[in-house]
1. Mind listing whichever residues of the stretch 157-167 are assigned to a helix (DSSP H, G or I), in contact (Cβ under 8 Å) with a residue 40 or more places away in the chain and under 13 Å from L192 (Cα atoms)?
2. Would you be able to tell me the number of residues in the stretch 338-357 that are part of a helix (DSSP H, G or I) and not charged (D, E, K, R)?
3. Under 6 Å between Cβ atoms, which residue pairs at least 6 apart in sequence (or on different chains) link something in the stretch 168-187 that is touching a residue at least 24 places away in the same chain (Cβ under 8 Å) and farther than 17 Å from L137 by Cβ with a partner that is acidic (D, E) and surrounded by fewer than 24 Cβ atoms within 10 Å (Cβ to Cβ)?
4. Give just the number: which of (1) under 30 Å from I259 (Cβ atoms); (2) in contact (Cβ under 8 Å) with a residue 60 or more places away in the chain does A338 not satisfy?
5. Identify all residues within the stretch 354-375 that are buried (at least 22 other Cβ atoms within 10 Å of the Cβ) and closer than 25 Å to Q243 by Cα; write none if there are none.
6. Filter the stretch 308-331 down to residues that are among the aliphatic types (A, V, I, L, M) and part of a strand (DSSP E or B) and give me whichever is surrounded by the most Cβ atoms within 10 Å (Cβ to Cβ).
7. Looking only at the stretch 220-238, filter to residues that are among the aliphatic types (A, V, I, L, M) and within 21 Å of the chain's Cα centre (by Cα); which one of those is surrounded by the fewest Cβ atoms within 10 Å (Cβ to Cβ)?
8. For the stretch 242-276: of the residues being surrounded by 19 or more Cβ atoms within 10 Å (Cβ to Cβ), closer than 24 Å to L326 by Cα and polar (S, T, N, Q), which is modelled with the highest pLDDT?
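The values are calculated or read from the model by the stated rules, or taken from the named source; none is laboratory data. Quantities reported herein were computed from a predicted structural model and do not represent experimental measurements. A quick note on method: Cβ atoms are made from the backbone with ideal geometry, for glycine too, and the neighbour counts reach across all protein chains shown.
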Amino acid sequence: MIEFWLAAGLLLLVALAFLLIPVLRGRKAQAEEDRTALNVALYQERLAELQGQQAAGVLTAEQLQAGQAEAARELLADTEGTTGERVSRLGKALPLIAALLVPFAGLGLYMHWGASQQLAELESPSLPGIGEMTAKLERAVQDDPKSAESWYFLGRIYMAQERAGEAAAAYEQAVGIAGRAPELLGQWAQALYFANQKQWSEQIQALTDEALKADPQEATSLGLLGIAAFEDERFAEAIDYWQRLVALMPAEDPSRQSIQGGIERARERLQAAGQPAPAGDTDTLTKSMPLLKVRVELAPALQAKVQPGDTVFVFARAVSGPPMPLAVKRLTVAELPADVELSDRDAMMEQLKISSFAQVQLVARISRAGNATAGEWIGNSQPIASSSRDPQQLLIDSADQRK
């Protein structure tokens, strides 16, 4: 397991560091600020491109991870040597932290039932040593003990090294400086739980209660409460917490599999005890989630011009926003006509969801090469409200101008 956390923790730290640090920094010299902003923008554009290529079937999961690691290393090289005064609060960064924290919510579940063996192959051997990263962060908090972001990242790297006690102390420092944000409280509670040999305490309960009161969807707290309930044989409560967590996660999130596994184990324990298990779906949790239903059909004039195995991408994109698809489903021509549902669960990126935009456009593209960004034939809808529940019709009837 330690091999997985050494690789995955370091990769996430490097990527997160250069997403968050520009947000957290205070005023700088204008030239340095412009340079940093440009480098971060290019990094984010590269990540979006890699995500799109994987959704299109061009990249495997291993290639995606390698590309992300390479982009992080390039950003590190581009920004190396920059200086500037650190700030002591995480306020400006908290929305971004919240958007990126959901993958970390599976930490506890991986410690119980993790898929470390399957994910070990994603490790990037060329990443800097974790000892070097730890030493740098430790020096950073010594040089500036009022830097909340340094304490936060030090806590994350300690957790990656299974040094939960030291991680808890680092998170406590971050909370003391940046304030009692629910995301930080959840991380602190999780570190305390593992530092205390998975024994629940009044302090952990108070931290998770405070976090969920401020944000009922705080991912780390939901995952942790599910673990505690399972260990205490309160299996119905564990299922409830984990189902609430799963409802927040993108379908492709690797932590989702572990959480689903925990839910199934809890069901098995309830059934073995002769107790009724909660419903197996999360419909009651997702009624407020945008759900776009669309009937996708192929124009009769194109029937002879396509092949049954041609790929069909059905996606929603923001009318006013980034051109990148917000949610996508993949079919083949042989499956048409087809009824498709798109929701936040199908989001390509956690921070870009259907619910984040007031209006979206539905698009269906046929690509013989399996390319989501360019093909032979396309169909577009008129702008619709992202909250619409009315069934939509989408006809593929035009030549794709982006082929």
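1. M159
2. Final tally of qualifying residues: 3.
3. Going by the 6 Å Cβ cut-off, the qualifying pairs are P182/D215; L185/E210.
4. Going through the list (1) under 30 Å from I259 (Cβ atoms); (2) in contact (Cβ under 8 Å) with a residue 60 or more places away in the chain, A338 breaks only (2).
5. Once the filter is applied, which keeps residues that are buried (at least 22 other Cβ atoms within 10 Å of the Cβ) and closer than 25 Å to Q243 by Cα, the stretch 354-375 yields only I354.
6. Per the criteria, the residue is A316.
7. Looking at the filtered set, the residue picked out is I227.
8. By that ranking, first place goes to Q243.
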